[in-house]
Amino acid sequence: RRVHGEVHLDSAAIMGLIWSLLPSFGREQVSMAEVQKHTTAADCWLAIDGKVYDISKFVERHPGGAEILLNLAAGRDATGVFSQYHQHSPQALRMLDGYHVANLTQS
């Protein structure tokens, strides 16, 4: 965001930038069964396009409300839901990168 002509990045944006510069293959691998264990606002994981995100710190700040995340995405592969609502949102993609914790196993 810009404040008085200066660009200020929050920690999620900074982490997103750092993660986007690192190769994915070095990240932890987790199964969908593991993702499915994280379904609460305090412990919320989801998978999108083969990447696993821990969005626990973001759930309550989601512009569409926490309930939509908890009901449609928590503990699930949320690729379809994410692309349905955020298909043309580079901001959402950048923000999401800051929460990337692992890659989904292929099994």
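With N counted as the residues of segment 40-83, its alpha-carbon radius of gyration over 2.2 N^0.38 Å works out to 1.00. Net length available on complete extension from Q87 to A41 is 14.2 nm, with 0.36 nm assigned per residue and the Cα-Cα distance removed. Computed packing ranks the peptides 44-57, 88-101 as 44-57, 88-101, most packed first, by mean other Cβ atoms within 10 Å.
Coordinate-derived values only; no laboratory data. Just so you know, these numbers come straight off a predicted model, no measurement behind them. Virtual Cβ from ideal backbone geometry, glycine too; neighbours counted across all protein chains shown.
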